[in-house]
Amino acid sequence: MTPFGNTGSASEVDKSSCELAVIGTGFAGMAATLFAAHKGIPTVQVGLNASILYASGFLDLMGVHPIAEGRIWDNPWEAIDAAINDIPTHPYARLSKTDIRHALEEFMGSMEAAGLPYKYRPDANTSVITPVGTLKPTYGVPESMWNGAEALEKQKKCLMLDFWGLKGFSAVQISEMLRERWPGISAARIPFPVVGPSVDLYPEKMARSLELRIHREALAREIRPHLNGAEVVGMPAIFGMHQTRAVMADLADLIGADLFEIPTIPPSVPGLRIKEKLDELIQAKGIQAFTQKLVLRATHEKNGQFLLDVGEPTTKTITHRLRARGVILAGGRFLGRGLYAGRKKIIEPLFGLPVFQPRERTHWHRQSVFDPQGHAVNMSGLEIDSDFRPVNDTGQAVWENLYAAGTILAHQDWMRMKCGAGISIATAYGAVHAFAKHMGF
């Protein structure tokens with residue numbers, strides 16, 4: 001194994017044990033921890049807050065394939081069939097459609113119980129508005145954003161709003177981008193009444209301020225003069241952090257029109273909402289979580305268990321020693337530190353696992369950043385067997401109790417294929433079920 005930092009001594013660190021350790025706090029790590037908790041598996045989670053804080057809130061299942069053609073699919077299940085036919089090693093190929101459906105339904109059911117409901121069409125993608133005014137296909141849509149998708153489909157008269165002092169979100173840009181498809185859209189910029197006009201605005205602070213009714217009343221007074229008969233009003237995602245449904249309902253009543261949110265550029269309020277709700281759910285299940293910590297060293301012991309040294313990411317000082325009967329590696333790729341890109345090759349730094357990648361560094365990228373075919377490096381990652389266990393160069397599982405899930409897996413370009421959340425949630429489901437079956441849960 002590859003050691004990192006100071007090892008400390010047994011007397012200097014806390015010790016504990018568990019059945020399953022989940023490494024990662026992105027969509028895959030959080031979903032795996034949640035699914036394990038639902039099965040009653042004693043689980044510990046370790047990881048840094050990373051990619052999930054940048055999430056738009058949309059749950060992409062499969063929207064684009066082949067990448068080079070840019071084909072957009074109305075039916076994500078047909079898109080999955082096409083992708084698996086062309087890429088038999090795609091992570092979705094390890095799961096049945098029934099399992100993928102169950103995974104998404106279980107995840108979205110948990111989010112609804114936590115107060116963040118999703119809407120979706122069982123056999124269809126929905127076109128949703130991005131922060132820059134383009135449209136993208138997605139599967140699960142936060143309830144707070146659903147009115148926008150329906151208003152576009154039904155061509156309702158829409159007012160798009162932004163605020164003086166809020167950077168990175170332009171109602172004019174969004175409306176101009178959509179005008180050809182949505183003639184009834186207009187735009188306006190208004191002051192956010194809670195702060196002075198010269199103060200820079202941040203979506204999280206705006207969202208928290210709107211949880212007070214006096215602030216919603218003040219905002220409604222600013223909005224009403226601009227309505228001009230609009231049936232629906234779109235705004236950046238600022239409708240509260242914890243009581244979004246109640247905030248939206250009250251504000252809609254105050255202005256006399258339906259509302260919908262559009263995610264902002266990262267870090268986004270929808271991502272923060274998801275992370276906070278998942279943290280609450282996991283804590284309520286009694287899961288021990290080492291947040292803002294890393295697994296600095298992993299050892300596979302003679303008895304088949306893993307010994308994980310957990311510690312500070314900056315000082316590399318070990319603060320906890322965890323023994324686990326199984327591990328799910330769900331740290332993502334480069335942002336989540338699941339993979340490391342060196343000058344010549346990509347490595348998996350914790351367990352030293354083989355990484356599928358182009359043979360030469362010069363083949364990682366095409367000449368144009370925006371090449372429609374994408375870049376070979378984005379298909380890199382861990383190859384797995386049918387039980388989601390990383391395999392070696394001969395196709396054999398490296399260890400029978402080590403599993404992998406999420407975007408760390410090879411043979412998928414989740415960003416261009418619009419399948420990141422779906423792969424993360426579905427493969428987390430598959431990995432947890434494989435571990436549970438192996439260990440008799």
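Identify the residue in the range 283-303 that is open to solvent by 90 Å² or more (accessible area, probe 1.4 Å) and among the polar types (S, T, N, Q) and, among all such residues, is nearest to residue 110 (Cα to Cα).
The residue in question is 283.
For the range 284-375, which fully contained strands (runs of 3 or more DSSP E) count at least 3 residues that are among the hydrophobic types (A, V, I, L, M, F, W, C)?
Counting at least 3 such residues, we get 294-300, 306-311, 318-329.
I'd like to check which helices (runs of 4 or more DSSP H) are fully inside the range 74-181 and have at least 1 residues that are closer than 24 Å to residue 228 by Cα, in contact with a Phe, Trp or Tyr (Cβ under 7 Å, 6 or more places away or on another chain) and open to solvent by 20 Å² or more (accessible area, probe 1.4 Å).
143-154
Can you tell me which of 387, 393 is open to solvent by 20 Å² or more (accessible area, probe 1.4 Å), modelled with pLDDT of 95 or more and either assigned to a loop (DSSP other than H, G, I, E, B) or out of contact with any Lys or Arg (no Cβ under 6 Å at 6 or more places or on another chain) (or both)?
387
Since residue 325 meets every condition but one in (1) modelled with pLDDT of 95 or more; (2) open to solvent by 30 Å² or more (accessible area, probe 1.4 Å); (3) within 16 Å of the chain's Cα centre (by Cα), which condition does it not meet?
Every listed condition holds for residue 325 apart from (3).
From the list 13, 44, pick out the single residue that is modelled with pLDDT under 90, hydrophobic (A, V, I, L, M, F, W, C) and open to solvent by less than 20 Å² (accessible area, probe 1.4 Å).
None of the other options fit; the residue is 13.
Table: residues versus (1) of a type in the set (Phe, Trp, Tyr); (2) under 22 Å from the mean Cα position of the chain (by Cα); (3) open to solvent by 50 Å² or more (accessible area, probe 1.4 Å); (4) over 15 Å from residue 333 (Cβ atoms).
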position: 357; (1), (2), (3), (4): no, no, no, no
position: 370; (1), (2), (3), (4): yes, no, yes, yes
position: 375; (1), (2), (3), (4): no, yes, no, no
position: 383; (1), (2), (3), (4): no, yes, yes, no
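What are the residues in the range 248-266 that are in a loop (DSSP other than H, G, I, E, B) and open to solvent by 20 Å² or more (accessible area, probe 1.4 Å), if any?
256, 265, 266, listed by residue number.
Restricting to the range 47-64, and then to whatever is at pLDDT 95 or above and open to solvent by less than 10 Å² (accessible area, probe 1.4 Å), can you tell me which residue is nearest to the chain's Cα centre (by Cα)?
The extreme case among them is 59.
Check the range 52-72 and report whether any residue there is of a type in the set (A, V, I, L, M) and in a helix (DSSP H, G or I).
Checked the range 52-72: at least one residue is of a type in the set (A, V, I, L, M) and in a helix (DSSP H, G or I).
Residue 314 - would you say it is within 26 Å of the chain's Cα centre (by Cα) and farther than 20 Å from residue 18 by Cα?
Spelling it out, residue 314 is indeed within 26 Å of the chain's Cα centre (by Cα) and farther than 20 Å from residue 18 by Cα.
Looking at the range 70-89, which of its residues are touching a residue at least 24 places away in the same chain (Cβ under 8 Å), of a type outside the set (Gly, Ala, Ser) and out of contact with any Cys (no Cβ under 9 Å at 6 or more places or on another chain)?
Listed by number, the residues that qualify are 72, 73, 74, 75, 77, 87, 89.
Return the residue satisfying two criteria in turn: it lies in the range 214-247 and is at pLDDT below 95 and farther than 23 Å from residue 150 by Cα, and of such residues it is most open to solvent (accessible area, probe 1.4 Å).
242
Among (1) in contact with a Pro (Cβ under 8 Å, 6 or more places away or on another chain); (2) assigned to a strand (DSSP E or B), which single condition is residue 188 missing?
Only one criterion in (1) in contact with a Pro (Cβ under 8 Å, 6 or more places away or on another chain); (2) assigned to a strand (DSSP E or B) is unmet by residue 188, namely (1).
Does residue 207 satisfy the condition of being touching a residue at least 12 places away in the same chain (Cβ under 8 Å), open to solvent by 10 Å² or more (accessible area, probe 1.4 Å), of a type in the set (Gly, Ala, Ser) and assigned to a helix (DSSP H, G or I)?
In short, no.
Criterion first (in a loop (DSSP other than H, G, I, E, B) and closer than 30 Å to residue 188 by Cα) does residue 274 satisfy it?
Here the answer is no, as residue 274 does not meet what is asked.
The values are calculated or read from the model by the stated rules, or taken from the named source; none is laboratory data. Bear in mind the structure is a predicted one, so any value in this text is a computation, not a measurement. Neighbour counts run over all protein chains shown; Cβ positions are idealised from the backbone, glycine included. Heavy atoms of the whole protein, side chains included, go into the accessibility calculation; ligands, DNA and RNA do not. Shrake-Rupley method; radii C 1.70, N 1.55, O 1.52, S 1.80 Å.
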